[in-house]
Amino acid sequence: MSAASYQKAWDQLPETLRVARAGAWKQFVAKGFPSKREEDWRYTDLSALNDARFAEATETSIVATTLQNWQSLVFANGQRQNGEVRAFETPLADDGITALNAALTRDGLDLRVARKQKAEPLHLLCLNSAAAMTHLRHRVVLEAGSEATLLIDTRGDDSATLATGVLEVEIGANARLRLLRIQDGGQASTDLFRSQIRVGRDARLEYVGLDLGGALVRHDLNVQLCEPGAYAEVHGVFAPGGSTHVDTHTRILHQAPHTTSREVFRGLVADRAHAVFNGRIVVEKAAQKTDSEQKLASLLLSPGAEINAKPELEIYADDVKCAHGATCGQLDEMALYYLRSRGLDSDTARNLLLFAFAHEVLAKVGAEDARREMERRLANRLPGSTAYEDLI
Amino acid sequence: MLTIENLHARVGDKEILKGLSLTVKPGEVHAIMGPNGAGKSTLGHLLAGREGYECTQGSVSFEGRDLLALETEERAAAGIFLGFQYPVEIPGVSNMYFLKAAMNAQRKRRGEPEIEATDFLAFVRMQIKKVGIEPAMLQRGVNEGFSGGEKKRNEILQMLVLQPKLMVLDETDSGLDIDALKMVSDGINAMRSPERSVILVTHYQRLLDYVKPDIVHVLARGRIVKSGGPELALELEERGYGWLEAA
């Protein structure tokens with residue numbers, strides 16, 4: 001498996017990198033992209049990527065600004081727009097996608113927050129355009145007692161781009177990371193992202209994601225609660241429309257006693273879009289007193305919309321509290337009628353209900369600037385967005 | 001103001017209203033009482049324009065317009081207000097936003113300018129005192145986590161804010177304690193004027209001690225079987241509906 005675009009990118013790497021990464025490249029060539037025969041990829045078909053061709057990275061035509069009062073780092077088609085290219089190692093390569101990323105990546109965020117320090121909030125903006133291929137690899141380390149807020153924001157044009165991304169995070173003892181994601185790469189984009197997050201003793205992860213869809217969007221969000229007292233909130237909204245595809249796989253691993261996870265996902269699936277949600281929670285034998293909750297609710301907004309939702313619980317400890325629930329339905333007709341009986345027209349009422357449904361998750365974003373940005377981006381996706389301008 | 005003539009209506013395959021006639025003049029308060037399943041709530045939803053409630057015969061005219069030809073939201077803008085028996089919870093939409101959106105949607109449809117945000121806030125703050133709703137509740141989702149009594153008071157608040165011409169209050173008194181009943185009644189009385197009319201749908205005579213009706217009707221088997229003055233309500237409380245249903 002080494003279609004022209006990937007091979008060419010590999011050949012263009014400096015000799016030293018090719019030597020250092022020969023293993024990863026070999027792994028990608030051997031494995032290729034995951035196939036639908038694998039259970040984890042049953043509903044997301046990557047076979048079109050084998051022969052896809054992508055353009056050389058060029059400058060981007062997308063105009064976008066970063067959040068005011070936030071630090072920013074911008075990558076345009078994988079090219080850093082500010083600061084020094086980072087030198088790094090790329091240890092994580094456990095499937096074809098992460099192997100490809102490990103072989104070809106040239107840059108990415110490297111954030112280290114020293115003990116007891118509070119980092120300025122950071123807006124990481126990745127602009128993908130002109131059918132380019134990018135492979136960023138980010139690393140975030142929070143030392144003990146530190147705090148950081150990071151928004152990873154991907155935007156694209158209408159071209160068929162490919163972005164692979166890997167984010168490795170270590171949250172040290174008693175540290176706290178607020179991690180936000182906006183996936184808005186455009187209708188034709190392919191975005192394969194892996195988050196691998198380790199949460200240490202008494203540390204906190206607060207994740208909220210907003211996935212707006214693309215030709216193929218997949219996020220593998222793996223959280224390890226590896227020491228006692230570790231806590232994770234893992235929340236998200238997915239709102240694909242048109243004929244886009246969004247696949248979210250979360251895996252929360254309770255490995256130590258007294259670990260807690262809270263997970264709330266909401267989906268709005270419109271038109272002929274396809275959403276996949278797989279929420280796996282594993283409670284290992286050592287993880288007594290685990291407290292875990294997972295809730296998924298989604299709305300199918302048209303007859304052609306489709307969702308495959310699956311909660312998976314694996315519990316090996318005997319003194320735990322685990323709750324989960326998944327619902328899927330249509331808009332509440334009674335609520336629609338109630339709003340109309342007070343004077344709102346049916347389109348406005350409908351859009352208001354959709355926005356409110358998703359907003360219950362976005363409301364969990366503590367950083368106000370980022371929350372407003374996420375609300376705006378969601379509102380832009382729903383028709384008649386002016387109706388709820390005051391709401392946000 | 002409202003003229004209903006020989007109204008037949010069905011919900012799904014079931015015919016519920018079977019020849020109901022009712023005339024409400026400006027300034028009047030009508031009470032509609034009757035046994036369960038008589039069609040009281042159906043009448044309310046039919047006037048408000050709920051989908052699936054279908055008129056098969058007869059007519060409803062509101063201020064000279066064919067009410068049944070209007071969309072639900074057009075009826076609201078024209079001045080119809082239904083106080084729901086079971087108000088709907090809408091998480092994620094705050095009461096304050098809802099009130100403002102509803103008011104401005106109605107004004108826009110009537111060709112009136114939108115209300116200034118600060119004027120509106122002051123106006124709403126004045127109204128909530130009348131129904132005993134805490135200001136903090138305005139920031140909560142519509143009816144979200146409200147008790148039964150709070151939901152009913154919230155209906156009255158919406159009515160006070162939207163200032164409709166015809167108020168149809170479907171069992172707004174059910175499940176209220178005496179203090180809440182007084183607040184709800186005060187709210188209704190505050191709205192009474194020579195231009196506005198009220199239809200109170202109720203099971204209990206108790207509400208009518210506080211809101212004095214001009215006319216009391218008994219709705220049974222899909223139509224009005226008896227009408228009279230306020231004394232009819234007392235008689236119904238004494239004797240029940242059996243003597244009327246048998247008639």
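The values are calculated or read from the model by the stated rules, or taken from the named source; none is laboratory data. Since the model is a prediction, treat every value here as computed from it, not as a measurement. Reconstructed Cβ throughout: ideal geometry from the backbone, glycine too, with neighbour counts over all protein chains shown. Heavy atoms of the whole protein, side chains included, go into the accessibility calculation; ligands, DNA and RNA do not. Shrake-Rupley method; radii C 1.70, N 1.55, O 1.52, S 1.80 Å.
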**Message:** Among the residues that make up region B:137-146, is at least one of them among the small types (Gly, Ala, Ser), more than 10 Å from chain A (Cβ to nearest Cβ) and under 23 Å from B:Met183 (Cβ atoms)?
**Reply:** yes
**Message:** With the structure loaded, tell me whether A:Val19 is of a type in the set (A, V, I, L, M) and open to solvent by 70 Å² or more (accessible area, probe 1.4 Å) or whether it fails that test.
**Reply:** yes
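Here are B:Ser41, B:Ser61, B:Ser21: which of them is closer than 27 Å to B:Glu238 by Cβ, part of a strand (DSSP E or B) and open to solvent by 10 Å² or more (accessible area, probe 1.4 Å)?
On the way: B:Ser41 fails: part of a strand (DSSP E or B); B:Ser61 fails: closer than 27 Å to B:Glu238 by Cβ.
Residue meeting the stated conditions: B:Ser21.
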**Asked** Are there any pairs, at least 6 apart or on different chains, whose C-beta atoms fall under 7 Å, with the first in region B:200-220 and at negative phi and assigned to a helix (DSSP H, G or I) and the second hydroxyl-bearing (Ser, Thr, Tyr) and open to solvent by less than 20 Å² (accessible area, probe 1.4 Å), and if so, which?
**Response** B:Leu207/B:Ser185; B:Tyr210/B:Ser185
**Message:** Taking the criterion of being more than 20 Å from A:Ala22 (Cα to Cα), charged (D, E, K, R) and open to solvent by 30 Å² or more (accessible area, probe 1.4 Å), would at least one residue in region A:99-111 satisfy it?
**Reply:** yes
**Message:** Take A:Leu313 and tell me if it is away from chain B (no Cβ under 12 Å) and surrounded by fewer than 21 Cβ atoms within 10 Å (Cβ to Cβ).
**Reply:** yes
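For region B:1-18, enumerate the residues that are open to solvent by less than 60 Å² (accessible area, probe 1.4 Å) and in a strand (DSSP E or B).
Applying the first criterion (open to solvent by less than 60 Å² (accessible area, probe 1.4 Å)) to region B:1-18 yields B:1-4, B:7-9, B:11-12, B:16-17.
Across region B:1-18, the qualifying residues are B:Leu2, B:Thr3, B:Ile4, B:Leu7, B:His8, B:Ala9, B:Val11, B:Ile16, B:Leu17.
If I go through region A:46-65 residue by residue, how many of them are assigned to a loop (DSSP other than H, G, I, E, B) and either under 16 Å from A:Ala4 (Cβ atoms) or in contact (Cβ under 8 Å) with a residue 60 or more places away in the chain (or both)?
Result for region A:46-65: 11.
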**Asked** Residue check, A:Val85 against (1) touching a residue at least 12 places away in the same chain (Cβ under 8 Å); (2) in a loop (DSSP other than H, G, I, E, B); (3) under 20 Å from the mean Cα position of the chain (by Cα), all met but one. Which one?
**Response** (3)
**Prompt:** A:Ala363 fails exactly one of the following numbered conditions: (1) open to solvent by 20 Å² or more (accessible area, probe 1.4 Å); (2) of a type in the set (A, V, I, L, M, F, W, C); (3) over 21 Å from the mean Cα position of the chain (by Cα); (4) within 14 Å of chain B (Cβ to nearest Cβ). What is the number of that condition?
**Reply:** (3)
**Asked** Given the conditions (1) open to solvent by 30 Å² or more (accessible area, probe 1.4 Å); (2) touching a Cys at 6+ places or on another chain (Cβ under 9 Å), which single one is not true for A:Phe75?
**Response** (1)
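So which residues in region B:44-65 are within 14 Å of chain A (Cβ to nearest Cβ) and touching a residue at least 24 places away in the same chain (Cβ under 8 Å)? It would help to see each step written out before you state the result.
If we filter region B:44-65 for residues that are within 14 Å of chain A (Cβ to nearest Cβ), which is where we start, we get B:44-53.
Passing the criteria: B:Gly44, B:His45, B:Leu46, B:Leu47, B:Ala48, B:Gly49, B:Gly52, B:Tyr53.
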**Complete:** Of the conditions (1) buried (at least 20 other Cβ atoms within 10 Å of the Cβ); (2) in a loop (DSSP other than H, G, I, E, B); (3) at pLDDT 95 or above; (4) not charged (D, E, K, R), the single one that A:Gln224 does not satisfy is (2)
**Asked** Could you count how many residues in region B:179-198 are open to solvent by 60 Å² or more (accessible area, probe 1.4 Å) and in a loop (DSSP other than H, G, I, E, B)?
**Response** 3
**Fill in**
Restricting attention to region B:89-99, the residues that are open to solvent by 10 Å² or more (accessible area, probe 1.4 Å) and either outside any strand (DSSP E or B) or more than 8 Å from every other protein chain (Cβ to nearest Cβ) (or both) number exactly 3
**Message:** Looking at the structure I just gave you, is B:Leu234 of a type outside the set (D, E, K, R) and crowded, with 18+ Cβ neighbours inside 10 Å?
**Reply:** no
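Given the condition among the polar types (S, T, N, Q) and either more than 14 Å from chain B (Cβ to nearest Cβ) or open to solvent by 30 Å² or more (accessible area, probe 1.4 Å) (or both), answer yes or no: does some residue in region A:319-333 qualify?
Within region A:319-333, the subset among the polar types (S, T, N, Q) is A:327, A:330.
Adding the requirement that they be either more than 14 Å from chain B (Cβ to nearest Cβ) or open to solvent by 30 Å² or more (accessible area, probe 1.4 Å) (or both) leaves A:327, A:330.
Taking every residue of region A:319-333 in turn, at least one turns out to be among the polar types (S, T, N, Q) and either more than 14 Å from chain B (Cβ to nearest Cβ) or open to solvent by 30 Å² or more (accessible area, probe 1.4 Å) (or both).
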**Request:** Would you check which residues across region B:131-144 are open to solvent by 90 Å² or more (accessible area, probe 1.4 Å) and not in a loop (DSSP other than H, G, I, E, B) and list them?
**Result:** B:Gln139
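Evaluate the following for A:Arg350: is it out of contact with any Asp or Glu (no Cβ under 9 Å at 6 or more places or on another chain) and surrounded by 15 or more Cβ atoms within 10 Å (Cβ to Cβ)? Step through it out loud before you land on a result.
Details: out of contact with any Asp or Glu (no Cβ under 9 Å at 6 or more places or on another chain): yes; surrounded by 15 or more Cβ atoms within 10 Å (Cβ to Cβ): yes.
When the stated conditions are applied, A:Arg350 passes them.
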**Message:** Could you tell me how many of the residues in region A:1-45 are at pLDDT 90 or above and either of a type in the set (S, T, N, Q) or assigned to a helix (DSSP H, G or I) (or both)?
**Reply:** 28
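Considering only residues that are open to solvent by 10 Å² or more (accessible area, probe 1.4 Å) and either part of a strand (DSSP E or B) or under 22 Å from A:Ala370 (Cα atoms) (or both), which ones fall in region A:227-238? Spell out how you get there, then give the answer.
Initially, region A:227-238 is screened for residues open to solvent by 10 Å² or more (accessible area, probe 1.4 Å), giving A:227-229, A:231, A:233.
Those that are open to solvent by 10 Å² or more (accessible area, probe 1.4 Å) and either part of a strand (DSSP E or B) or under 22 Å from A:Ala370 (Cα atoms) (or both): A:Tyr231, A:Glu233.
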**Request:** Can you confirm whether region B:65-72 contains a residue that is open to solvent by less than 40 Å² (accessible area, probe 1.4 Å), farther than 25 Å from B:Leu99 by Cα and not basic (Lys, Arg)?
**Result:** no
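Condition test on A:Glu263, is it open to solvent by less than 10 Å² (accessible area, probe 1.4 Å), touching a Lys or Arg at 6+ places or on another chain (Cβ under 9 Å), assigned to a strand (DSSP E or B) and within 30 Å of A:Gly229 (Cα to Cα)? Reasoning before the result, please.
Numbers: open to solvent by less than 10 Å² (accessible area, probe 1.4 Å): yes; touching a Lys or Arg at 6+ places or on another chain (Cβ under 9 Å): yes; assigned to a strand (DSSP E or B): yes; within 30 Å of A:Gly229 (Cα to Cα): yes.
The answer is yes for A:Glu263.
The rows are residues; the columns are (1) open to solvent by less than 10 Å² (accessible area, probe 1.4 Å); (2) more than 8 Å from every other protein chain (Cβ to nearest Cβ); (3) within 23 Å of B:Leu166 (Cα to Cα).
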{"position": "B:Ala101", "(1), (2), (3)": "no, no, yes"}
{"position": "B:Glu116", "(1), (2), (3)": "no, yes, no"}
{"position": "B:Asp119", "(1), (2), (3)": "no, yes, no"}
{"position": "B:Val124", "(1), (2), (3)": "yes, yes, yes"}
{"position": "B:Ile128", "(1), (2), (3)": "yes, yes, yes"}
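Would you confirm whether or not region A:286-307 contains a residue that is within 14 Å of chain B (Cβ to nearest Cβ), surrounded by 16 or more Cβ atoms within 10 Å (Cβ to Cβ) and of a type in the set (Ser, Thr, Tyr)?
Filtering region A:286-307 for residues within 14 Å of chain B (Cβ to nearest Cβ) gives A:295, A:297, A:299.
Going one step further and asking which of them are surrounded by 16 or more Cβ atoms within 10 Å (Cβ to Cβ), we end up with A:295, A:297, A:299.
Checking which are of a type in the set (Ser, Thr, Tyr) leaves us with none.
The answer is no; no qualifying residue exists.
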